[in-house]
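Notes follow the structure.
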Amino acid sequence: MNLGEALSLLKKEKSKLVRLISLRKENIYFEEGTKPEFDTKKLTNEIDSKIEDIRKLKIKIEKTNLNTKLSGDSITISEAIIKVGDIRSKLSSLSNLFERKRSSWYLEKDTKRLIAQISESEIEDEIEKLEIEKGILDNKLQMTNWNTKLSE
């Protein structure tokens with residue numbers, strides 16, 4: 001199995017786990033004199049087994065991410081994932097940088113004029129560069145995921 005398939009399987013297994021937990025919760029009580037539709041003890045065993053399967057899969061994915069270099073790059077998949085997260089955080093903070101100024105236009109028209117220390121065009125340029133960098137990293141991650149065998 002390759003890394004991309006493992007990530008897809010992980011998502012499906014997590015979804016199954018959520019459904020099992022919900023099913024157990026919905027069937028914990030049953031009407032006296034009737035037979036419950038689902039055995040909560042059996043569901044609990046299935047939940048425990050699913051949690052174990054997910055944990056093992058996550059460990060394999062993490063080992064693979066730590067030991068695999070990104071396609072055409074010198075950093076590992078793990079480093080690239082962290083870097084993409086950092087870029088997303090920076091993009092979020094830069095995107096919100098000028099919100100106060102815009103909202104104050106409507107609230108305080110007769111107050112002192114505010115002057116930004118950084119121009120919006122500089123920030124927009126930086127956002128554009130970061131978006132490109134994030135896109136390139138995302139593409140490399142996807143390509144690497146589908147071309148990398150999962151570690152055991």
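The values are calculated or read from the model by the stated rules, or taken from the named source; none is laboratory data. Please read these numbers as outputs of a predicted model, since none were measured by experiment. Cβ placement follows ideal geometry from the backbone for every residue including glycine, while neighbour counts extend to all protein chains displayed.
Summary table
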item	result
Filter pass, Ser89 being under 30 Å from Ile118 (Cα atoms) and either in contact with an Asp or Glu (Cβ under 7 Å, 6 or more places away or on another chain) or of a type in the set (S, T, N, Q) (or both)	yes
Residue in segment 13-24 that is touching a residue at least 40 places away in the same chain (Cβ under 8 Å), surrounded by 13 or more Cβ atoms within 10 Å (Cβ to Cβ) and under 18 Å from the mean Cα position of the chain (by Cα) present	yes
Checklist (1) exposed (fewer than 12 other Cβ atoms within 10 Å of the Cβ); (2) modelled with pLDDT of 95 or more applied to Ala80, failing item	(1)
Ser93 vs. criteria at pLDDT 85 or above, part of a loop (DSSP other than H, G, I, E, B) and among the hydroxyl-bearing types (Ser, Thr, Tyr)	no
Candidate set from segment 43-73 (those that are of a type in the set (S, T, N, Q) and modelled with pLDDT of 95 or more); member that is nearest to Val84 (Cα to Cα)	Asn65
In segment 6-56, the residues that are in a helix (DSSP H, G or I) and either in contact with a Phe, Trp or Tyr (Cβ under 8 Å, 6 or more places away or on another chain) or small (Gly, Ala, Ser) (or both)	Ala6, Ser8, Ser15, Ser22, Leu23, Arg24, Ser49
Count of segment 111-152 residues which are surrounded by 11 or more Cβ atoms within 10 Å (Cβ to Cβ) and assigned to a loop (DSSP other than H, G, I, E, B)	6
Scan of segment 46-62 for residues that are exposed (fewer than 14 other Cβ atoms within 10 Å of the Cβ) and either farther than 20 Å from Lys11 by Cα or among the basic types (Lys, Arg) (or both), ordered by number	Arg55, Lys56
